[in-house]
Amino acid sequence: MMISGWELERFVDEIFRRHIALKQPDYLDAFDHVSNAFTGFQYEIFITWRKIFDDYCTWIFSFLLDVTEEVLARTNLRQIDNPRKYRVVSFFAERLLTVWLRKNPVRIKNCPSCFARACEIFGR
């Protein structure tokens, strides 16, 4: 299927939602909330205890590989030259940290972050 842009994002979102509903139905409300939100924890960068990390990995990999296989089987992603479009599954996976955090009561401390170039410009 030839698909790109907004259609591709919507298509991948629907695949993620379906797999979460099948394998992790307790997280569906959190997924819907994060899908419609404008904020979240970005980049899947966090420091945590091993047990929390293992729990997160067990959760996300319970469906992530199936999602990836389905997206690759049903789209033309293998032929896309644009790496940002090719990474559509990983961009969605990055948002899933926020989904997991909404369902799991862990203490969170936010630390400021910025891109290296922006830090140089603003003298941080």
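Observations
- Candidate set from segment 32-41 (those that are surrounded by 10 or more Cβ atoms within 10 Å (Cβ to Cβ) and farther than 18 Å from P105 by Cα); member that is modelled with the highest pLDDT: D32
- Of the helices (runs of 4 or more DSSP H) lying entirely inside segment 47-124, the ones with 2 or more residues being modelled with pLDDT of 90 or more are found at 50-61, 64-74, 88-103.
- Some residue of segment 23-31 being out of contact with any Leu (no Cβ under 7 Å at 6 or more places or on another chain), modelled with pLDDT of 90 or more, loosely packed, with under 11 Cβ neighbours inside 10 Å and assigned to a helix (DSSP H, G or I): yes
- Verdict on F46 being surrounded by 13 or more Cβ atoms within 10 Å (Cβ to Cβ) and under 18 Å from F92 (Cα atoms): yes
The values are calculated or read from the model by the stated rules, or taken from the named source; none is laboratory data. None of the values given here were measured: they were computed from a predicted structure. Here the Cβ is made from the backbone with ideal geometry for all residues, glycine too, and neighbour counts use every protein chain on show.
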